[in-house]
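Report on the following structure.
Coordinate-derived values only; no laboratory data. The model shown is predicted, which means the values in this text are computed figures rather than measured ones. Glycine also receives a Cβ, built like all others from the backbone with ideal geometry; neighbour counts cover every protein chain displayed.
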């Protein structure tokens, strides 16, 4: 229960005060922070385009030029008139250049993405949810006296929580859509069902007459809501439903204080993706316009999407251009009790991918108490090396040049889980290839496949 | 005041202002030049001692290896000073151009201290870390080369701690841990991989 509560705290969903925009594409979904300038909502354009391809930007005085694949955009500080993909149009509020980051008014983003991605967009402005290329997951409800089934058109992975009288499903990554409604029903279990959208997410709230719990079925396409067994209400360690949830975001039948039993329970399989650097720390300057922090974030988002396709949940140490101290990254992984920690980096030297594990001696006996912070990895390093071997083999199978090393990389030694680092170098002479969508996608697919293959080994050692 | 006097006074005032601005610009450019020039002053007096054979473990960025290479340098009798001279010779290879593993001008070792006979504390110059290239591989090569060269040439030293300008630093250039002590046994596995 403690692990689940910690995971809930680590979810990308921000607090009520922080505005966010969620973008849903056919293959990738992500959220971006929204900032305010002179009462208008703005979003960073480079970060919005990053998950879709090779994007770079350069500022020349008041001008800010964006290049996305073979298309260009031109913006000018405090100006309304702009040019995107060869087409001139007027922004609803002035363009803002802040520390070389180009910010566009949120209301203009659907138009810009439509021009750049050559796709249709649908923007739910009040909820700040942007749908690209017709991405949408619809649902129907089937209410019976024995329970409620919610059937989705595609697998979903909501955050499910309970509070007295309510069971709440929050969809941040899934493009769940419906008209906002409240349906009041005459049923012994449920009194109403309400759908709403707000701040980059959708919510389905079930008002309950008796305590309920949710179970996934049909590979995540159905959520069955049934009465919670009485004994489960008083046994925190068995609070999770018998039909194992696919993720740690899954059902919490009844909130209960942590017990030793619940702490000892094996936490769900979860991967922590650590996009190296960020914020004040740009990492390696790969070219005049390409910083390591941007490459690692784009790569982390691709890997998250690949893992999601394999039904594996992941958390990210950062999902925006923010500073996260190295030790905090390890602390986040340890608090969430993740199964695997993957630190992502990029470099100029060499070709292909280097896979690293911690440079630490393995522990010969299991520790009985707290793990020392400086050597927390010692108990897991053999599993980490086994996972690195699998990653190396998978990269080799896909003919991606690779090597495996141990390295004194911060903060691998502080992670109490299988931990590896990936350093992506250009595929050829062109440095820009390190940020190419196709190249990153090949590597992300290999990594995700390796994690699927290595999952049983990692699970056995936990 | 006559018109001629007024014009002369105005011209003189304009000249004073212009000279003041020029002086300010000169001082600023001189200050910037001084800041951007690496400090190449010697950090210690030249040592005198018999020429000795040592083994330097040189890093090569391409293809990312560390190879042993014999060298002959003058070494003093004091072990700590010997350590400093050996590392000075090693880093000298890296500040040359071209180099197999380039380090910035001014990257050097200020001092080596021996603690309890088995631990060496290496104090490096600010340029060693400030100008170091960022990357897991390049930083790992630097650390491996430095630690192995020191421990291989100073019998009994099994642990090495790296400081920058007398202070502890979190990482070398964003990746390699500089808060830990490097021990010979742990490093050996990495060196085997870097052969």
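Values computed for the structure shown
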quantity: With 10 Å bins from 0: P(r) over region A:314-449, alpha-carbon pairs, percent; calculated: 12, 41, 34, 11, 2, 0
quantity: Whole-percent pair-distance distribution, where bins are 10 Å wide, for the alpha carbons of chain B; calculated: 8, 31, 29, 10, 6, 6, 5, 4, 1, 0
quantity: Per-residue mean of C-beta atoms belonging to partner chains within 10 Å, peptide A:374-380; calculated: 1
quantity: With Cα atoms, 0 to 90° folded angle of helix B:184-193 axis to chain B main axis; calculated: 80 degrees
quantity: Helix axis angle, B:136-153 relative to chain B longest principal axis, alpha carbon, degrees; calculated: 60 degrees
quantity: Sorted peptide list for B:91-103, A:420-432, criterion being average Cβ within 10 angstrom, highest first; calculated: A:420-432, B:91-103
quantity: Cα-projected label distance for residue A:89 with residue A:124, points at 7 Å along beta-carbon direction, nm; calculated: 2.2 nm
quantity: Compactness of region B:133-175, expressed as Rg and Dmax over alpha-carbon positions, Å; calculated: 11.4, 32
quantity: Global size of region B:41-126 as Cα Rg and Dmax, reported in angstrom; calculated: 13.3, 38
quantity: From the C-alpha gyration tensor of region A:392-462, square roots of 5λ in Å; calculated: 24, 16, 10
quantity: As computed over region B:59-172, the Cα convex hull volume per residue (Å³); calculated: 102 Å³
quantity: Cβ-derived FRET efficiency at R0 25 Å, residue A:452 paired with residue A:361, nearest 0.05; calculated: 0.30
quantity: In degrees, nearest ten, helix B:79-95 long axis to first principal axis of chain B (Cα); calculated: 60 degrees
quantity: Peptide A:320-327 - average C-beta neighbours from other chains (10 Å radius); calculated: 1
quantity: Rounded, prolate or oblate (a/c below 1.5 giving rounded, otherwise prolate when a/b exceeds b/c) for region A:35-127 by Cα gyration tensor; calculated: rounded
quantity: Highest to lowest packing among A:47-54, B:149-156, scored as the average C-beta count within 10 Å; calculated: A:47-54, B:149-156
quantity: Peptide-level mean, for B:174-185, of C-beta atoms on other protein chains within 10 Å; calculated: 5
quantity: Fully extended contour minus Cα-Cα distance, from residue A:37 to residue A:79, at 0.36 nm per residue; calculated: 13.7 nm
quantity: Separation of the residue A:328 and residue A:209 label points, Cα + 7 Å toward Cβ, nm; calculated: 4.8 nm
quantity: At 1.002 mPa s and 20 °C, Stokes D of region A:143-228 from Kirkwood alpha-carbon radius, µm² per second; calculated: 165 µm²/s
quantity: For the protein assembly as shown, the Rg and Dmax computed from alpha carbons only, in angstrom; calculated: 29.6, 108
quantity: Efficiency of FRET from Cβ geometry, residue B:168 and residue A:138, R₀ 41 Å, rounded to 0.05; calculated: 0.10
quantity: Percentage relative contact order, region A:35-127, counting C-alpha pairs under 8 Å, at least six apart; calculated: 22 percent
quantity: Point-to-point label distance, residue A:393-residue B:9, nm (Cα→Cβ direction, 7 Å offset); calculated: 9.4 nm
quantity: Fewest-first ranking of A:123, A:380, using other Cβ atoms within 10 Å as the exposure measure; calculated: A:123, A:380
quantity: Within chain A, helix-based [θ] at 222 nm, where runs of 4 or more DSSP H residues each add -39,500 (n - 2.57), nearest 500; calculated: -7000 deg cm²/dmol
